[in-house]
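Shown next, in structure tokens, is the structure this report addresses.
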Amino acid sequence: MNDQINIKSLDAKQIRISDFTYDLPDQRIAKHPLEARELSKLLVYKNGEISESVFKNLPSEIAEGTTMVFNNTKVIQARLIFHKETGARIEIFCLEPLQPADYNLAFQACGSSSWKCIVGNARKWKSGALKMPFFVGDQEYFLQAEKKEALDGAQEILFSWSHPDLCFSDVLEATGKIPIPPYLNRDTEEDDLVRYQTVYSKYEGSVAAPTAGLHFTKDVFAHLDEKNIRRQELTLHVGAGTFKPVKSEQIGGHEMHTEHIQVTLETVKDLIQSENKIVAVGTTSVRSLESLYWMGVKILSGKENPYLLQQWEAYQLPATYTRREAYQAIADFMQEKGLTLFNAATQIIIAPAYDFKVISGLVTNFHQPQSTLLLLISALVGDQWRKIYRYALDNDFRFLSYGDSSLLMRE
């Protein structure tokens, strides 16, 4: 068994990213969302066959009794534009909180908060604090940014503000911009404040939207309910690493970013009881659900630190447990510790050698060439991803974050 596990890990690491490319003309990238979310096109892949529909018809494509899992993270206005007295523009992109390190506590912090950030035009900011004015009503206040410790590829920034009663989430709302994807090649617009959020977003922390969920509306949810399609939510805060290109020839040389997961005991118990298929909404939900399985395996195997799943652990841990057994291990662990919320972090990379343990299908948009997200799609549908993407290109589907959608079912 251990030899088989090591072979799977080796096979995955030797995958060449150049084998996962296709020609994506710029005009096929959706630069703006459609006026109505649910009118996006929907590509359906089932039993090896492709069909075409409209997203509002998604409930008719999913079997009654299926459980759908949604990522309820909320995108924060993480881009902060400062200007030095010289006129130099410094852009600070908030990635994740450092002090306090907990997302909820960081957003509730009053007076100051320290974050891991990417600094644009950093060569123009050698020393000193940056200040940005903002208004609450008619009163002017200031947000200040100070450089602290240099981090790997990033910078610790201490933010402080002059309004004593505002929390950091209020300050971001007053000063920040929604960080739309860089490939849109445009500035954030007013419409993005609404359309780059899912209608079910709840918990602040993402710097990129879980874009598969952007197509859902109250009407679509109502139709899912009518068909007895169950819904559960979890939280994975999407990091900027989701846009990180794979620069190594083989994916074994690519370091996956860490993303933070939160799931309630109630959700874990519901997924244990789920008798039917589980369909993930978005690749972030896939990463969360599959990571939770392996965290349960770590508990069952007596491994240290079940709260963290490293990049290649899923290819090295024993895969003999069922989904129910692994999720029950998490539920038991939470109850023993008196936890109602499981906080964890994952670096999992899902590539063609991966063996899915939880999901039967995926609702997702169309992803960039040579990306880890495209590797995940290939893991799900095999080489059929080429046929699927060729169909989408030949039939005027819109690509990437604001593009059209697909329902992909495992064979």
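Where a number appears in this text, it was derived from the coordinates with a stated rule and is not lab data. The shown structure was predicted, so the numbers you read here are calculated from the model rather than taken from an experiment. All Cβ positions, even for glycine, are placed from backbone atoms using ideal geometry, and neighbour counts span all protein chains on display.
Kirkwood hydrodynamic radius of region 275-333 from all distinct Cα pairs, in Å?
11.8 Å is the Kirkwood radius here.
In debye to the nearest 20, how big a dipole does the chain give about its Cα centre with +1 on each Lys and Arg Cβ and -1 on each Asp and Glu Cβ?
Numbers: 44 positive and 52 negative charges, 132 e Å.
Taking the Cα centre of the chain as origin, the dipole is about 640 debye.
Could you tell me how many degrees, from 0 to 90 and to the nearest 10, lie between the Cα long axis of helix 372-381 and the main elongation axis, the longest principal axis, of the Cα atoms of the chain?
20
Collect residues whose amide H, placed 1.01 Å from N in the peptide plane, falls under 5 Å from the amide H of ALA345; neighbours closer than 5 in sequence don't count.
When sequence neighbours closer than 5 places are left aside, the close amide H contacts are ILE261, LEU308, LEU309.
Of all GluC sites (Glu not before Pro) in region 159-197, which ones are in loop regions per DSSP and have a Cβ with at most 14 other Cβ atoms within 10 Å?
The qualifying sites are GLU189, GLU190.
Among 14-20, 208-214, how do they line up by average Cβ neighbours within 10 Å per residue, starting with the highest?
208-214, 14-20
Could you please tell me the mean projected area of the C-alpha convex hull for the chain, averaged over all directions and given in square nanometres to one decimal? List each step's numbers first, then the result.
Working: hull surface 84.1 nm².
One quarter of the hull surface, i.e. the mean projection, equals 21.0 nm².
Show me the ranking of peptides 179-188, 151-160, 334-343 by mean Cβ neighbours inside 10 Å, starting with the highest.
Those peptides, ordered most packed to least, come out 151-160, 179-188, 334-343.
Provide TRP125, TRP161 in ascending order of the number of other Cβ atoms located within 10 Å of each residue's Cβ, fewest first.
TRP125, TRP161
In degrees between 0 and 90, to the nearest 10, how far off the longest principal axis of the chain does helix 283-300 point, with axes built from Cα atoms?
Value to nearest ten degrees: 70.
Just the number: Rg to Rh for region 78-176, Cα atoms, Kirkwood Rh, two decimals.
Working: Rg = 12.7 Å, Rh = 13.5 Å.
A ratio of 0.94.
Distance check, please: which entries in LYS46/LYS227; LYS116/LYS337; LYS46/LYS74; LYS244/LYS357; LYS13/LYS298; LYS116/LYS244 exceed 24 angstrom between their Cα atoms?
Exceeds cut-off: LYS116/LYS337; LYS46/LYS74; LYS244/LYS357.
Among PHE397, PHE107, which comes first, then next, by fewest other beta-carbon atoms within 10 Å?
Values: PHE397 23, PHE107 20.
Listed from fewest to most nearby Cβ atoms, that is PHE107, PHE397.
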